[in-house]
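Asker: I'd like to ask you about the structure that follows.
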Number of protein chains: 2
Amino acid sequence: MTTYYERPSKPPRGARNKVRRHAERAHYDRKAVEAILDATFVGHVSFVVDGLPHATPMLYVREGDQLYLHGAPRSRLLQLMAGGAPLCVTVMLIDGLVLARSWFHHSVNYRSVVVFGEGRPVRERDEKLEAMRKLVDQIVPGRAADSRGPTATELKATEIIAMTISEASAKVRIGNPIDLESDHALPTWAGQLPMHLAAGEPLADDYSTADVPDYVRALFNGRP
Amino acid sequence: MTTYYERPSKPPRGARNKVRRHAERAHYDRKAVEAILDATFVGHVSFVVDGLPHATPMLYVREGDQLYLHGAPRSRLLQLMAGGAPLCVTVMLIDGLVLARSWFHHSVNYRSVVVFGEGRPVRERDEKLEAMRKLVDQIVPGRAADSRGPTATELKATEIIAMTISEASAKVRIGNPIDLESDHALPTWAGQLPMHLAAGEPLADDYSTADVPDYVRALFNGRP
């Protein structure tokens, strides 16, 4: 398979990762794709079962051209996903609401990625351990070093799927609504409402005696 | 097709919407599914092309057992999606990070839904107009009445896909980490970091003279 991911030029006509609508919002360079993938930790993983579409949200982390997926999918499906099945992973970050003067030009500011690849199970101990460490740190940077690594039993009970990214595209919308010039005189307020995933006050569980660590407090303003 | 959505009892063994992992987190009743669908406006729509999985994030709104989908997918694919193709839509709201004492028990608090159905194009004028109105109000409640409805040309240029929800399931995780009892004595801080999609300060565009409307200000604390 041609890996457009490795050669970030515009994909040829008909390629699976070619963005057809709002092509001006499309990015195919690896840096753009990776920056978006690295800004969050939930991807929607779709795959085909008996010719029908299935999908499930999963936690993930990227390492090079690998996505490591972890979640609570149905285990029959996890086996299917791990067994070389073609996968499509979509990620979307909502950056704002775009309020235009007309319904038609309402929009959302976002960063999204669609990646294609094939799944494989991660069974090798060191790779699995490293994927688990990275997953924990992707959710809360700094957490892996401050919590207990897996026992042999926990390692065995963890199912992680790796996907080599073979094709990818990113789409980004930023900025103000693009209204018709003839609408500019309307009395309607128009503009953007920025949005981001925000952290609230940390809630200790019943057994915690330690202070909230700095790397947890840092998330207050740190989430994308 | 059996519509488990209409009969919200636990799906039979082997059903497509049966949640197999963490079954204790599963909900099949229509109210639970609808509450989650109605709490946001971005769904990840997956479908099959030439036997391969494809997916794209789209804006949506629910009305009864219909999902109205709107976005900027590639138009060839939009036609396919509209033309009766089996679709799977996943939605996930991140409600918090779950910091356990061990890597293994780290998790995320979330509300997610997986719905299955088939697409159809919305061509009838009144249904399309109503879907557009609802989409605008789903993104910003109260906005449709305060902005210009579509011209005949805009209505024609809008592509909306309806999907009748035939099967659905929801999964919800709430609460603290569930650590091993033997880990409770570890000095690691553990608990939850609540998260929500938060709105920032509204940014007027260059042509706005009106004050920021109350229904926009109300979003500051209103997002899910």
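The values are calculated or read from the model by the stated rules, or taken from the named source; none is laboratory data. In this text, all values refer to a predicted model and were calculated from it rather than measured experimentally. All Cβ positions, glycine included, derive from the backbone under ideal geometry; neighbour counts span all protein chains shown. Just so you know, the surface numbers come from the protein's heavy atoms only, side chains and all, with ligands and any DNA or RNA stripped out. Shrake-Rupley method; radii C 1.70, N 1.55, O 1.52, S 1.80 Å.
Asker: For segment B:55-91, which positions are touching a helix residue (DSSP H, G or I) at 6+ places or on another chain (Cβ under 7 Å), under 18 Å from residue B:129 (Cβ atoms) and modelled with pLDDT of 95 or more?
Answerer: B:59, B:61, B:62, B:63, B:68, listed by residue number.
Asker: Could you go through segment A:58-75 and let me know if any residue there is assigned to a loop (DSSP other than H, G, I, E, B), at the interface with another protein chain (Cβ under 9 Å from one of its Cβ atoms) and open to solvent by 30 Å² or more (accessible area, probe 1.4 Å).
Answerer: no
Asker: Counting only residues that are open to solvent by less than 10 Å² (accessible area, probe 1.4 Å) and aliphatic (A, V, I, L, M), which one in segment B:138-167 is nearest to residue B:217 (Cα to Cα)?
Answerer: Once the filter is applied, the top-ranked residue is B:140.
Asker: Go through segment B:123-167 and give me each residue that's more than 9 Å from chain A (Cβ to nearest Cβ), in a loop (DSSP other than H, G, I, E, B) and of a type in the set (A, V, I, L, M).
Answerer: Of everything in segment B:123-167, just one residue is more than 9 Å from chain A (Cβ to nearest Cβ), in a loop (DSSP other than H, G, I, E, B) and of a type in the set (A, V, I, L, M), namely B:160.
Asker: Restricting the search to segment B:123-153, which residues are acidic (Asp, Glu) and more than 20 Å from the chain's Cα centre (by Cα)?
Answerer: B:124, B:126, B:127, B:146
Asker: Quick check on segment B:180-201: of everything there that is part of a loop (DSSP other than H, G, I, E, B) and touching a Pro at 6+ places or on another chain (Cβ under 8 Å), which residue is farthest from the other protein chains (Cβ to nearest Cβ)? Explain how you work it out, then say what you get.
Answerer: Initially, segment B:180-201 is screened for residues part of a loop (DSSP other than H, G, I, E, B), giving B:180, B:184-190, B:200-201.
Still in the running and touching a Pro at 6+ places or on another chain (Cβ under 8 Å): B:189-190, B:200-201.
Values: B:189: 4, B:190: 5, B:200: 4, B:201: 7 Å.
So the residue we want is B:201.
Asker: Select from segment A:79-129 the residues that are over 16 Å from residue B:55 (Cα atoms) and of a type in the set (Lys, Arg) and write down the one among them that is surrounded by the most Cβ atoms within 10 Å (Cβ to Cβ).
Answerer: A:101
Asker: Looking at (1) at the interface with another protein chain (Cβ under 7 Å from one of its Cβ atoms); (2) under 22 Å from residue B:96 (Cα atoms); (3) part of a strand (DSSP E or B), which is the one condition that is false for residue A:95?
Answerer: (1)
Asker: Now for a different question. Just give me the residues in segment B:3-49 being at pLDDT 65 or above, aromatic (Phe, Trp, Tyr) and closer than 19 Å to residue A:52 by Cα, in sequence order.
Answerer: Of everything in segment B:3-49, just one residue is at pLDDT 65 or above, aromatic (Phe, Trp, Tyr) and closer than 19 Å to residue A:52 by Cα, namely B:47.
Asker: Next question. Pick from A:177, A:187: which is over 30 Å from residue A:127 (Cβ atoms) and touching a His at 6+ places or on another chain (Cβ under 6 Å)?
Answerer: Just a single option satisfies the conditions, and that option is A:177.
Asker: Would you call residue A:177 open to solvent by less than 60 Å² (accessible area, probe 1.4 Å), free of Cβ contacts under 8 Å to residues at least 40 places away in the same chain, in contact with a strand residue (DSSP E or B) (Cβ under 8 Å, 6 or more places away or on another chain) and at the interface with chain B (Cβ under 9 Å from one of its Cβ atoms)?
Answerer: On the way: open to solvent by less than 60 Å² (accessible area, probe 1.4 Å): yes; free of Cβ contacts under 8 Å to residues at least 40 places away in the same chain: no; in contact with a strand residue (DSSP E or B) (Cβ under 8 Å, 6 or more places away or on another chain): yes; at the interface with chain B (Cβ under 9 Å from one of its Cβ atoms): yes.
When the stated conditions are applied, residue A:177 does not pass them.
Asker: Now a separate question. For segment B:105-122, give me each residue that is at the interface with chain A (Cβ under 7 Å from one of its Cβ atoms) and over 21 Å from the mean Cα position of the chain (by Cα).
Answerer: The answer is B:106, and nothing else.
Asker: Out of the residues in segment A:204-217 that are out of contact with any helix residue (DSSP H, G or I) (no Cβ under 7 Å at 6 or more places or on another chain) and open to solvent by less than 80 Å² (accessible area, probe 1.4 Å), which is farthest from the other protein chains (Cβ to nearest Cβ)?
Answerer: By that ranking, first place goes to A:215.
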